[in-house]
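The values are calculated or read from the model by the stated rules, or taken from the named source; none is laboratory data. Values in this document were obtained by computation on a predicted structure and should not be read as measured data. Here the Cβ positions follow ideal geometry from the backbone for every residue, glycine too, while neighbour counts run over all protein chains shown. The area values use the complete protein model at the heavy-atom level, side chains included, leaving out ligands, DNA and RNA. Shrake-Rupley method; radii C 1.70, N 1.55, O 1.52, S 1.80 Å.
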Amino acid sequence: PTRFGIVSVETALTHVFTCAGDEAFFVSYESALRQRMLTRTAQSNIRAALPSSARWLMDIARPDADSGLESLLRLRLHLLGIRLHCQVTIQGVGRVDFVAGRRLIIEVDGKANHDSPMHRHKDRQRDAAASALGYETLRFDYAQVVHDWPSVQRAILAALRRTRQLT
C-alpha cells in the first residue's frame with residue numbers, strides 16, 4: 001500500500017524519466033542501483049514502463065558510480081562513442097573515476113570530496129603520480145560538467161586526439 005505522497009522508488013524513477021528526461025533518469029537510476037534500492041522485479045517493472053527507445057539507458061547503467069556527476073559524464077561520453085573503463089585502480093595512484101583509451105584519466109570532483117585544501121593537495125599528488133606513469137589526467141568539477149559541457153567535451157576529445165587514442 002502506498003501512503004499519500006509517498007511512492008516506490010520504481011514509480012519515482014519512471015516519473016523522473018517522463019518529467020525530466022534521459023539524463024535525469026539515468027543519473028537517478030544509477031544512484032538507486034548503487035544504493036541497492038531496486039530488486040530485480042523493480043528493475044523489470046521500470047523497464048516495462050519505459051518506452052522501448054529508452055531501455056538502453058538501463059542496459060548501460062552500472063552500480064559502481066560514486067556520484068551522479070560520474071553517471072552524467074559517462075552517459076554523455078557514451079553518446080559520443082567514447083568507451084570508458086570505470087573505477088579503475090592504478091598501482092601507485094589509487095582508484096580513478098575513469099580511464100579512456102589506455103592513458104587518459106578523467107576525474108569528476110564533487111564539492112563534498114574535493115573542496116578542502118587537503119583533498120585538493122591529495123588530488124594533485126595523485127595526478128603527479130599518474131603523470132610519472134605516463135597518464136594524462138583531466139579533472140572537472142560539477143559546474144563544468146553540468147553548466148559548461150561543451151568545454152569539457154572539447155578538452156576530452158582534444159586529449160584523446162593528442163594521445164592518438166581517438167579513432
Original post:
Failed condition for Ala65, given (1) at pLDDT 95 or above; (2) over 17 Å from Ala155 (Cβ atoms), with all others met?
Top reply: (1)
Subject >> Arg102 open to solvent by 80 Å² or more (accessible area, probe 1.4 Å), out of contact with any His (no Cβ under 7 Å at 6 or more places or on another chain), assigned to a helix (DSSP H, G or I) and among the charged types (D, E, K, R) >> reply: no
Original post:
In this structure, does Asp64 turn out to be more than 26 Å from Arg161 (Cα to Cα), free of Cβ contacts under 8 Å to residues at least 40 places away in the same chain and touching a strand residue (DSSP E or B) at 6+ places or on another chain (Cβ under 7 Å)?
Top reply: yes
Original post:
Which of the residues spanning the range 121-156 are in contact (Cβ under 8 Å) with a residue 24 or more places away in the chain, open to solvent by less than 60 Å² (accessible area, probe 1.4 Å) and not in a strand (DSSP E or B)?
Top reply: Arg126, Ala129, Ala130, Gly134, Tyr135, Val145, Val146, Trp149, Val152, Gln153, Ile156
